[in-house]
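So the structure is just underneath, and the comments pick up after that.
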Amino acid sequence: MYLPTPQDLRERRNALGLTQSELAERAGVSQPLIARIEGGDVDPRLSTLRRIVEALDEAEGDVVRARDLMHSEVVSVAPSDAVHDAVDQMQTAGYSQLPVIADGVPVGSISESDVVHAGADVGDSPVREVMSESFPTVSPDATLEEVSSLLDHYTAVIVTEDGDTVGIITQADVAAHVS
């Protein structure tokens, strides 16, 4: 049976963004007891430790992860696709931008503004010639806070697992979740 150390409890509480008081309230114990347990000054009873771990488990269930927000169907183009095909795909899907993915790995992005800035004669050119940098990537375990922080600077975030693209999250997805 695995029993967490005081350091494990403190790290997990901090990772969940809980104060000692919040954890104590959730577990039905006092804040000074949480402080003493985390400090290694007291060994809690097994029943108390169980209540603390259950409170942490419950709090973790409250955390919104990238996997909860993402769309697993990612509309994308390949670097070798023609720009006019990418534009057609954006118009059909109703998007102003798309990730550029090669063999499951995000390598760039293409937007309507990239095409406009490239000029009128790029229609038959490959996407790689007009694409911009890739959207940032996160793991499926990334928190809503981490994703939101990236979306403050980018219009989308790609979710990858073992290097492969498994989803995409846009500002609209986070707004829909929050509301």
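The values are calculated or read from the model by the stated rules, or taken from the named source; none is laboratory data. Owing to the predicted nature of the structure, the values given are computational and were not obtained by experimental measurement. In this analysis, Cβ positions are derived from the backbone assuming ideal geometry, glycine residues included, and neighbour counts consider all displayed protein chains. For the accessible areas, the whole protein counts, side chains as well, though only heavy atoms, and no ligand, DNA or RNA atoms are used. Shrake-Rupley method; radii C 1.70, N 1.55, O 1.52, S 1.80 Å.
Per the 1.4 Å probe, what fraction of the accessible area of the chain, in percent, lies on carbon and sulfur atoms? Could the numbers behind the result be given before it?
Details: 4770 of 10210 Å².
Carbon and sulfur together cover 47 percent of it.
Rank 47, 80, 111 by mean-square fluctuation in a GNM of the chain with C-alpha springs under 10 angstrom and give only the top-ranked residue.
47
What is the local net charge at residue 89, summed over the other residues whose Cβ is closer than 12 Å to its Cβ (Lys, Arg +1; Asp, Glu -1)? It would help to have the intermediate numbers written out before the result.
Details: positive: none; negative: 81, 85, 88, 112.
Once positives and negatives cancel, what remains is -4.
Please determine, in degrees from 0 to 90 and to the nearest 10, the orientation of helix 83-93 with respect to the longest principal axis defined by the Cα atoms of the chain, where the helix direction is its Cα long axis.
Rounded to the nearest ten degrees, it is 50.
Just want the answer: with Cβ charges of +1 for Lys and Arg and -1 for Asp and Glu, which residue in 151, 169, 59 is farthest toward the dipole's positive end in the chain?
Comparing the listed Cα positions along the dipole, 59 ranks first.
What is the set of long-range amide H partners of residue 159 at a cut-off below 5 Å, with H atoms built 1.01 Å from backbone N?
Correct list: 138, 166, 167, 168, 169.
Only Lys, Arg, Asp and Glu count, each charged at its Cβ (+1, +1, -1, -1), so figure out the dipole size of the chain about its Cα centre, rounded to 20 debye. All intermediate terms of the calculation are to be shown ahead of the outcome.
Details: 11 positive and 32 negative charges, 200 e Å.
In debye, rounded to 20, the chain gives about 960.
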